[in-house]
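The block underneath contains the structure these notes are about, expressed in structure tokens.
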Amino acid sequence: MEIIDDRTVKIKVDFTETTPPILWPNRYECNLQLQLKAGEQISTEAGQTIALTNQKMHYLEEQIGSGIQTARWSIQVPRDRTSLRFPFMPFFNYDIDGIGSPGSAVGIRSAYTTDPNESFEYTLKVK
């Protein structure tokens, strides 16, 4: 992690332990959880404004570009291999079924590579 200024941080992600991918051979994925909520609007580098709802959505990079902005922050992610999913229910170990309430949903920004030695860089700016 590199602090650029009082509102910007650059995060470098490396794969330190890898196992052969099961679902997609030769595809290593880095998933970043984003604090997004239904009712929020995001702006995309591709020029779209998207109102988030509780309906499942999955946007590919061609639809959103490599950057998104909310009213609170913006993030730049690796180009050419990313997507955004919302809502995503992370595992919640305090619930019997492991699924939290709808209010615990997050957004997932995924980036993938076929080379487990490749690094990803993210730039997060807080407004």
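Values as computed for the structure displayed
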item: Burial ordering of 82, 44, fewest other beta-carbon atoms within 10 Å first; result: 44, 82
item: Of 12/56; 37/127; 37/125, pairs whose Cα-Cα distance is over 24 Å; result: 12/56
item: Neighbourhood net charge (14 Å Cβ-Cβ; Lys/Arg +1, Asp/Glu -1) for residue 69; result: +3
item: Estimated inter-spin distance, residue 127 and residue 48, nm [label 7 Å along Cα→Cβ]; result: 2.0 nm
item: Cβ-based exposure ranking for 72, 79, in which fewest neighbours within 10 Å come first; result: 72, 79
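Read-outs: derived from the displayed coordinates by stated rules, not from any lab. It should be emphasised that the depicted structure is a prediction, and the values quoted were computed from it without experimental measurement. FYI the Cβ positions are ideal-geometry reconstructions off the backbone, even for glycines, and counts take in every protein chain you see.
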